[in-house]
Amino acid sequence: MAISGLGSHSISLFFCVILATFLPKGAAQTISAQGQNLVTNNVSVVEGEMAIISCRVKNNDDSVIQLLNPNRQTIYFRDVRPLKDSRFQLVNFSDNELLVSLSNVSLSDEGRYVCQLYTDPPQEAYADITVLVPPGNPILESREEIVSEGNETEITCTAMGSKPASTIKWMKGDQPLQGEATVEELYDRMFTVTSRLRLTVSKEDDGVAVICIIDHPAVKDFQAQKYLEVQYKPEVKIVVEFPEGLTREGENLELTCNAKGKPQPHQINWLRVDDDFPSHAVITGSDLFIENLNKSYNGTYRCVASNLVGEAYDDYILYVYDSRADGAPQKIDHAVIGGIVAVVVFAMLCLLIVLGRYFARHKGTYFTHEAKGADDAADADTAIINAEGGHNNSDDKKEYYI
């Protein structure tokens, strides 16, 4: 039997499966020929690597197995290779399997391969081989190398020449960010993807890594990163070196101005808010020294630091105490206050009790007097007079005011 380059005489009722050595991300899809126990797999393989093509069938009745390329040229007829492409090599041949390897896979090898079983009628099964092309090394560029806090910067990441198109993700430290991607199609379904990230920086971003992550089925952990360099205005803090406690008359005062920024502050100034410095105050760099304090020095002393980004300040309020002042402020004795409050409450309760008894007693006396003269009196006043003097003594009258 003659074998043509187009493989027109070799059609099959045959089961064939195409496998490939590819990245773990490549997904295999099982395809069955209609009416036959014939299965094949769609496979992705990375350009330059090796693919394994397998045609298999169950319950073979000694029919001929052959493998055709996308141009329907016969690659293998049983264990014979009519095609002169030496990249195809026989791995295994039996009545139920034809296993062929394809080394150094290129984009031109992509397409639909055919497994045939030479029966009457002939049967076929198909599998698509997809060639993956990984992108080149990501290119990371920034609009500015150094950014001042509060300003916006733009960083671009480019993944060139991949198939299929890459997906680009962004991270700032552990925080995911959203970029804006553009996709450019080149040739042979190749793509270049560029993602632009815009962000406003703060001083906390200084030294933080911005990471461009390339997501593509042909590569893993493909990324590039850039560390942000952020300039920020100084942070200023006044520290009291001496004294440790209260500032008293006759003592000395020493203050240090700590200023940190990026770049480092190029100027540190001391001033007294709304007043002049004491005549014998000494300023040495970031230190302020005042000797022999008195109360006329009371006020607010300010340290101002500046760099290319801006300026900041911190204030120290000086209050000079009397030389006999205790080193620690007096504490309120809450127990004493509680005792005083309790005594006052107790005294008020006692006063209320005495007044209550007094009013109750006088009220009783009035009713008693009224009762004594009430029998013969025409009104309450007469009753009281009768109660005091009796009926026989009515000439000696007394007046009562009720």
- prompt: Mind checking which residues of the stretch 251-278 are open to solvent by 50 Å² or more (accessible area, probe 1.4 Å) and within 21 Å of Ser323 (Cβ to Cβ)?
  reply: Glu251, Asn252, Glu254
Subset of the stretch 125-148 (residues that are at pLDDT 90 or above and in a strand (DSSP E or B)): Ile129, Thr130, Val131, Leu132, Val133, Ile139, Leu140, Glu141, Ser142, Val147, Ser148
message: Out of the strands (runs of 3 or more DSSP E) lying entirely within the stretch 149-253, which hold 1 or more residues that are over 30 Å from Ala312 (Cβ atoms)?
response: 152-162, 167-172, 175-177, 180-185, 191-200, 209-216, 219-227
task: Look through Thr200, Thr192 and report the one residue that is out of contact with any Lys or Arg (no Cβ under 8 Å at 6 or more places or on another chain) and over 30 Å from Leu308 (Cα atoms).
output: Thr192
query: How many of the residues making up the stretch 282-319 are part of a strand (DSSP E or B) and either touching a helix residue (DSSP H, G or I) at 6+ places or on another chain (Cβ under 6 Å) or hydrophobic (A, V, I, L, M, F, W, C) (or both)?
result: 11
task: Answer yes or no: is there a residue in the stretch 10-19 that is at negative phi, at pLDDT 50 or above, in contact with a Ser or Thr (Cβ under 7 Å, 6 or more places away or on another chain) and open to solvent by 20 Å² or more (accessible area, probe 1.4 Å).
output: no
field: Test: residue in the stretch 185-192 that is at pLDDT 95 or above, within 16 Å of Val46 (Cα to Cα) and in contact with a helix residue (DSSP H, G or I) (Cβ under 6 Å, 6 or more places away or on another chain)
entry: no
- prompt: Of the residues that sit in the stretch 58-70 and are at pLDDT 85 or above and crowded, with 17+ Cβ neighbours inside 10 Å, which one is nearest to Val133 (Cα to Cα)?
  reply: Asn69
query: What are the residues in the stretch 178-211 that are within 30 Å of Pro263 (Cα to Cα), open to solvent by less than 70 Å² (accessible area, probe 1.4 Å) and in contact (Cβ under 8 Å) with a residue 24 or more places away in the chain, if any?
result: Leu197, Leu199, Val201, Ser202, Lys203, Asp205, Asp206, Val208, Ala209, Val210, Ile211
- prompt: Restricting the search to the stretch 71-88, which residues are closer than 21 Å to Ser108 by Cα and surrounded by 14 or more Cβ atoms within 10 Å (Cβ to Cβ)?
  reply: Arg72, Gln73, Thr74, Ile75, Tyr76, Arg81, Pro82, Leu83, Arg87, Phe88
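The values are calculated or read from the model by the stated rules, or taken from the named source; none is laboratory data. All figures in this text were calculated on a predicted structure; none of them were measured in a lab. Because the Cβ atoms are built from the backbone with ideal geometry, glycine has one as well, and the counts that use them run over all protein chains shown. For accessibility, only protein heavy atoms count, side chains too; no ligands or nucleic acids. Shrake-Rupley method; radii C 1.70, N 1.55, O 1.52, S 1.80 Å.
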